[in-house]
Structures are given as structure tokens and as C-alpha cells.
Amino acid sequence: MNTHLQQWIEEIRALTQPDAVVIVNGSEEEFQALIQKQMKNGSLKPLKRPGSFLAWSNPEDVARVEERTFICSEKQDDAGPTNNWKPPQEMKEKLQSLFQGCMKGRTMYVVPYCMGPLSSPMSKVAVEITDSPYVVINMRLMTRIGTPALKKLGNEPFVKCLHSVGKPLHPGQKDDQWPCNPQETAIVHFPEKHEVWSFGSGYGGNALLNKKSFALRIASVMGRDEGWLAEHMLIIGVTNPKGKKKYFAASFPSACGKTNLAMLESILPGWKIECVGDDIAWMHWGKDGKLYAINPENGFFGVAPGTSIKTNPSAMRTIEKNTIFTNVALTDDGDVWWEGMNDTPPQHLTNWKGQSWTPASTEKAAHPNSRFTVSVSQCPTIDPAYDSADGVPISGIIFGGRRSSLVPLVRQALSWQHGVFLGASMTSETTAAAKGEVGKLRHDPFAMLPFCGYHMGDYFAHWLKQEVPGRTMPQIFYVNWFLKDADGKFLWKGFGENMRVLKWCFERNDGEAEAEKTALGFMPHAESLGADPRLFAIDREGWKQEAEEIGRYFQIFGKKLPEALAKEQMKLAAVL
Ligand code: O2Y
Ligand code: MN
């Protein structure tokens, strides 16, 4: 075994004092044994869907906790104004004391995993040590785990991810159905050391450290240092009726419909969408000057509520079997249910808190951030190149946010620099994906606010720096599916209809679609998309205020705000 890994396992075993250590090989037998173990103690309930199980979390551990997520770079200035920073030494001391003996009575699992196709030079290997068997089975669906990852690693150093639910068991003590320690939760990143320490939560992004912690926070730092991009983006292939194919990457804040767009089924005859990934893209420049993307993940951890045969038929087919559901409701005949799955809820359910539920209940049956975990291999619209070592060439990048007013349905940036400004000035109404108030407008540059592992001003500069002679820069677009009229009704139907917008982006990229140059960028004529003209109205007074607000926000980056972005902000303010 990798000598760095051997040493690290010994170090963590001595610190956390587990009853047993298991090196996870990723086999089917091992996976089944872990499922059996969790069924026996009540953590997993079998479902009538083949190979599928339900977990209910502790009600205090239901989403990412941004206020307890830290970037402990050596210098505070490297974490920047958008991250919580603590001195690494001070934090390490606190963590040493939290992790001391924290795995007593539990098994410590060592999970080697590869982010990205095993054969790709863009992929990276990491190891997560965890005392949560729920984490292990989720990681088996979401990443390429076990022996193949160890083989790829050889004797190289790797990203170290340490996780504990933070609930040691005394001899004879009965375990909780969802052990966690919300009072002490901390998700801590040491970017220079390529290390993550997570304590106290067993949920999603707090515990599956492959996802947000490694593939975005640590990888964004690696990308800065090595000249590539680790982004909060889905990747799709779009094929037109003539059989021409282009790939797009798209960035939206958490729970704004990335999975739905990634799995979109076209409503336009002859057009086809295929999914490479629904959440994260790692993008490198090829020798031919094109930008190539891989999906570092191997599964989906999608939001359940709102997913239905109407909104996302591909997802519904993906999760018909071999799926782990977390915090959804249980039907009386052993299936799952969530708000928005169909128009008529069952007459009786057991809600995500394990309580009896009827349509008259005042609480939701499924938690708004309830999830499904499933392998990409079950997605009927998976792109044939999703596992390609070379990745896929990106023709366009789409930014977007959830804005009920002001921001038009779609526009194209006037240049790379303008596009970077659009990404930097993204704002969106908050969702249930993170703990905190829902529906509050917040700045979320590049949808990376919770995920950028370094100073956001340096991150903007990194994006601007990508434009060099000899490269084919992807075109940049900005969309907003969420505009509402004065009565609060959505002006755009969204979902399958979004194909019309993608078609416009595709044809702009081919130099075919018409557009008008406006103060906000190139915009289509509403009628060419079959859209309500209000979706393209420019409210100059509203935009003046928006430009001022962007200017105020940019000030938090101080000297690190690139001059080019300050100029773009002034240009916007001046044309309104
Ligand atoms: O930790 C969670 O509750 C889920 S966070 C998440 C999961 C899948 C995809 N994206 C996100 C996100 O917060 O962006
Ligand atoms: Mn996400």
C-alpha cells in the first residue's frame, strides 16, 4: 500500500481510537455487507424499489452548514472576504482535541477514491477516512472507489479527507439511527496541505468530502496553482437535428435546477441533450487551444422535492432502482414520496421525521433538501463520453441565478471579460441546500460563494487570465428561468422549454442565430424563442440600482478586484 497512506492511517487510528479499521476495496460484497449492517441497526430501511434504501437524518443535520465551514489558509488574505478563516495552527489544535477518541466503539473506514475517469490525466486520487458506513455507501455510488483508485495512486501523495460523525460509543451503548454532533460541527479545509477535516455532521456536502470539499474547495486551489478550472457546473452535450454536437457547461447556485437541466429531455424535434455531469466540472486547456471538461463525479446527489416525471423524466428513470434516498417520505407500501413528485399526495405517509403524515398535515412530508444518491450509469441520457479520459470540448459556458425580477431569460456576453463580469456579479435567491433563510437575495459569484477555496478576487483574476492568444474561448451566456409577473406567476415554463434557450446558445455558437446588442449583452428577439416579451424587458431604473449594488459588493474584494471587472461595472452603470 501507498506508504503515505499507511502512515496516515496509523496516525488517525492513534488519534481517533476506532474499534476496527477497514480498507474499502469497493466490491459488491463489501457494499452489500455495509447495507446489511445499516439495515440491522435501523439506519437504512429497505424500499420496494430494487436495491434501494431510505435513510432519515437527525433533524438538526439536514444540509450544508456554511457558517461552520472554514478555509484555514496560512494567510487570512488568501481565504478572502467570502470565506470563514481561522489560523491553521489554532484550528488544528481544536480539531486534534475534537477528534481525540471520537471513533471509539466504531469502525474506521479508509476509502480511496478517484475523482474523474480512472484513465484520465485530469483525474485526481484522494482518500476519505470516515466512521460513517452511510458515507461509504454513498461514496461508492458517487465516485470511483476502492482498489482501482489505490492502483492509480501508486505511491504518490494524495488529498487527505478525514471525517467523523463525532459521536463515540461507550461499551454497550446503543447507537443513534443517525449519529451526529451538530453543536460541534466543523468542516475545515487546509488548502496548502490539500487536507479536509470534517467533524460532527453525517449529511451530504458536510460528510461526502469528495464533493464540495475536495472537488471544489481544494480543487479550485489546485486549479489556481496548476492553471485549470474547478467549477460548480453541470456539463451537457447538445446535438442538433443535423447531428452536430456541442458541449456546454453551466453554473447555477445550489438547488437552482442544475440536475434538471443536465438531464433535460428535448421538447424540440431532432434536438437531443446528453448528460456528462450535473454539479461539478474540472476544465483544462487542450493542446488544440480548446477547453476540455471532465465530470469528476460518478453519481448524482440530487434534490428530490420537485423531481417528477413532468419536470425530470430522466432522473425519475435513473432512480427506479439501486438508489439511496435521504430524508424523503415513506409510503405505506414501502416506496418513497416527496412534494412535487405528483399532483396528488398519498392519503397516508410516514414523513422524514418518522411521524405519521396525511395531506392535512401542516409540515412537509419530505425535507426540502431531501436527496437521492445514484450512479451515473443508470441515467438513460448519460453522454457516451462521460467517462472519456480526454473530457469533452466546451463551446459555451452558461451562468444563471434564481431571480424573480429584472434579469432577462437569456443573453450572451459581449466578450470573455464581460462574461467574467457576468459570472462575478451573479446573484440568486437562497434555497434549502444550505442551512439558513430561504428566498433571500445574495451575491453568489460563479455559484462558487460557498465553494471557492481561496480569495474570490484572485479567483476572478484566474478566470480573466484564461483568455490568451491561441485559445478558442467558449462563449458565455447568462440565463434566468425564474422571472415572475406581478401576480407571482412564472413567466417562463422552464424544464423542457429550456431547450429553446439552449438551441439559441447553440446557434449563436454556430454564428447562425440572430441577436440584438443591448446594454446587458446580446439578446434574442422574444418571438424567435416563442417567449413572452416581458422575459427580455430591460428595466433601466432597476438595472441602475443593480449596477450600483454590484459596485458596492465588488468593494469587499479591495485591491484584489481586477481592474477589468471594475471597468465592466462602470460600463454597465454608464450605459443605463
Ligand atoms: O449537503 C447537502 O445537503 C447537499 S449540497 C449539494 C448536493 C449536490 C449538489 N450540489 C449541492 C450544493 O449545495 O451545491
Ligand atoms: Mn451543487
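The values are calculated or read from the model by the stated rules, or taken from the named source; none is laboratory data. Everything numeric here is computed off the predicted structure, so don't read it as measured data. So basically every Cβ, Gly included, is an ideal-geometry build from the backbone, and we count neighbours across all protein chains shown. Calculation scope for accessible area: heavy atoms of the full protein, side chains included, ligands and nucleic acids excluded. Shrake-Rupley method; radii C 1.70, N 1.55, O 1.52, S 1.80 Å.
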Quiz prompt | Residue list for region 284-300, restricted to those being more than 16 Å from ligand 2 (Cβ to nearest atom) and aliphatic (A, V, I, L, M) | solution = L291, I294
Practice problem: Give the number of residues within region 412-433 that are part of a loop (DSSP other than H, G, I, E, B), more than 16 Å from ligand 1 (Cβ to nearest atom) and touching a helix residue (DSSP H, G or I) at 6+ places or on another chain (Cβ under 6 Å). | Solution: 2
Practice problem: State all residues of region 444-477 that are in contact with a helix residue (DSSP H, G or I) (Cβ under 9 Å, 6 or more places away or on another chain) and within 16 Å of ligand 1 (Cβ to nearest atom); if no residue qualifies, say none. | Solution: P445, F446, A447, M448, L449, P450, F451, C452, G453
Quiz item: Can you tell me which residues in region 337-363 are outside any loop (DSSP other than H, G, I, E, B) and open to solvent by less than 30 Å² (accessible area, probe 1.4 Å)?
Solution: W337, L349, W357
Practice problem: Look through region 527-576, keep the residues that are modelled with pLDDT under 95 and part of a loop (DSSP other than H, G, I, E, B), and return whichever of them is nearest to H443 (Cα to Cα). | Solution: L576
Practice problem: Please state which of the following conditions Y386 fails to meet, knowing it meets all the rest: (1) farther than 30 Å from G551 by Cα; (2) under 20 Å from the mean Cα position of the chain (by Cα); (3) not in a loop (DSSP other than H, G, I, E, B). | Solution: (3)
Quiz item: Within region 202-219, which residues are under 19 Å from Q466 (Cα atoms) and more than 14 Å from ligand 1 (Cβ to nearest atom)?
Solution: A219
Exercise. Report, ordered by the first and then the second residue, all pairs with beta carbons closer than 8 Å, sequence separation of six or more or different chains, a first member in region 376-388 that is under 16 Å from T239 (Cβ atoms), and a second member that is basic (K, R).
Key: P380/R317
Quiz item: Just one of the numbered conditions (1) open to solvent by 30 Å² or more (accessible area, probe 1.4 Å); (2) at pLDDT 95 or above; (3) over 21 Å from V196 (Cβ atoms) is not true of N41; which one?
Solution: (2)
Quiz prompt | Candidates G204, G154, filtered to the one that is of a type outside the set (S, T, N, Q), at positive phi, touching a residue at least 60 places away in the same chain (Cβ under 8 Å) and within 16 Å of ligand 2 (Cβ to nearest atom) | solution = G204
Practice problem: For residues that are away from ligand 1 (no atom under 16 Å from the Cβ), within 16 Å of G396 (Cβ to Cβ) and of a type outside the set (A, V, I, L, M), tally how many sit in region 227-268. | Solution: 8
Self-check item: Complete set of residues in region 16-51 that are touching a strand residue (DSSP E or B) at 6+ places or on another chain (Cβ under 8 Å) and in a loop (DSSP other than H, G, I, E, B)
Solution: P18, D19, V24, G26, S43, L44, L47, R49
